[in-house]
Amino acid sequence: MLQSSTDVRSFHELKAVHGDDRLEAVTIFDNRTGEEFFIPCDNLLLNIGFLTNLGPIKSGA
């Protein structure tokens with residue numbers, strides 16, 4: 001079975017995108033606590049809506 005390295009964070013919002021010619025990191029915050037997180041990354045998938053069931057994306061299928 002394929003393992004997914006996708007990090008799904010409900011109740012978080014994108015605050016900033018970092019990088020010059022390519023994506024290098026993002027800053028997100030927990031909209032319940034206001035706590036901010038700086039996350040180095042090279043890909044970003046936004047799920048805009050009310051349903052957070054990602055099905056095969058979350059399970060890596």
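The values are calculated or read from the model by the stated rules, or taken from the named source; none is laboratory data. From a predicted model like this one, the values you see are computed outputs, not experimental measurements. Neighbour counts are summed over all protein chains in view; Cβ atoms, including those assigned to glycine, are modelled from backbone coordinates with ideal geometry.
For segment 9-28, a residue qualifies if it is in contact (Cβ under 8 Å) with a residue 12 or more places away in the chain and part of a loop (DSSP other than H, G, I, E, B), and the qualifying residues are 9, 10, 11, 22, 23, 24. Tell me whether segment 39-49 contains one or more residues that are part of a strand (DSSP E or B), at pLDDT 90 or above and surrounded by 12 or more Cβ atoms within 10 Å (Cβ to Cβ). Yes - at least one qualifying residue is present in segment 39-49.
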